[in-house]
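Please read the structure below before turning to the comments.
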Amino acid sequence: MTERLEAGAVAPDFTLTDQDGASVSLHDYRGSKVILYFYPEAMTVACEKQACDFRDNLNSLKGAGYTVLGVSRDEPAKLATFRDKDALNFELLSDPDRVVHEQYATWGEKNLYGKTVTGVIRSTFVIDEDGRIALPLYGVKATGHVASLRKKLGIDA
């Protein structure tokens with residue numbers, strides 16, 4: 001597993017396919033602030049809760065200058081279904097080969113219901129306008145994460 005990213009590190013660049021089959025590159029967001037979050041699987045209870053929290057808070061995040069991008073191992077067709085089912089209003093990116101997960105150290109051992117398993121480590125990265133990690137958050141909880149993130153970023157409701 002790759003070493004965890006720390007604040008100040010250059011965010012690894014990538015190009016992934018979004019829910020509509022278009023290519024999305026992190027470097028296209030240079031000059032903007034990005035919230036890049038990794039989640040285990042589309043349309044599972046916890047991942048839906050987290051995605052809907054981002055959806056419901058997107059206006060205030062955008063108002064503070066942030067773009068939200070979600071990344072999972074799901075194929076684009078499943079991501080499109082997820083977006084449509086939950087009326088998600090931000091891009092979902094497909095990383096089926098885990099290349100970007102590995103770059104961001106979001107694939108590895110984690111505790112799931114008292115068992116150690118290998119899988120996606122639910123994580124969020126705030127990336128600044130210069131393409132550096134401003135805030136790395138590993139092992140976040142799905143519920144309450146967006147509220148906690150908004151507080152850390154000083155974003156009011």
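Could you tally the net charge around Asp130, taking each other residue with its Cβ under 12 Å from the Cβ of Asp130, Lys/Arg +1 and Asp/Glu -1?
Numbers: positive: Arg30, Lys33, Arg132; negative: Asp128, Glu129.
Net of charged neighbours comes to +1.
What is the Cα centroid distance between the stretch 1-66 and the stretch 116-135, reported in whole angstrom?
If we compute the Cα centre of each part, the gap is 9 Å.
Using the count of nearby Cβ atoms within 10 Å as a rough guide to exposure, how do Val140, Val100 rank from fewest to most?
Val140, Val100
Under a Cβ-only charge scheme (Lys and Arg +1, Asp and Glu -1), can you give me the dipole magnitude of the chain about the Cα centre, in debye to the nearest 20?
The calculated dipole for the chain is roughly 580 debye.
Across the chain, how many lysine pairs, 8 or more positions apart or on different chains, have C-alpha atoms separated by under 26 Å? Please give the number.
27
Can you give the Rg and Dmax of the chain based on its C-alpha atoms, in angstrom?
So, for the chain, Rg and Dmax equal 14.4, 42 Å respectively.
At Leu137 and Met43, where each label point lies 7 Å from the Cα along Cα→Cβ, what is the point-to-point distance in nanometres?
Once both label points are built, they end up 2.7 nm from each other.
Residue farthest toward the positive end of the dipole of the chain, with Cβ of Lys/Arg at +1 and Asp/Glu at -1: which of Val71, Leu153, Gly114?
Looking along the dipole axis, the top candidate is Gly114.
Between Glu3 and Lys151, what is the spin-label point distance in nm, taking each point 7 Å from the Cα along the Cα→C-beta axis?
According to this spin-label approximation, the distance is 3.1 nm.
Read-outs: derived from the displayed coordinates by stated rules, not from any lab. The model shown is predicted, which means the values in this text are computed figures rather than measured ones. Ideal geometry is used to build each Cβ from the backbone, glycine not excepted, and the neighbour counts take in all protein chains shown.
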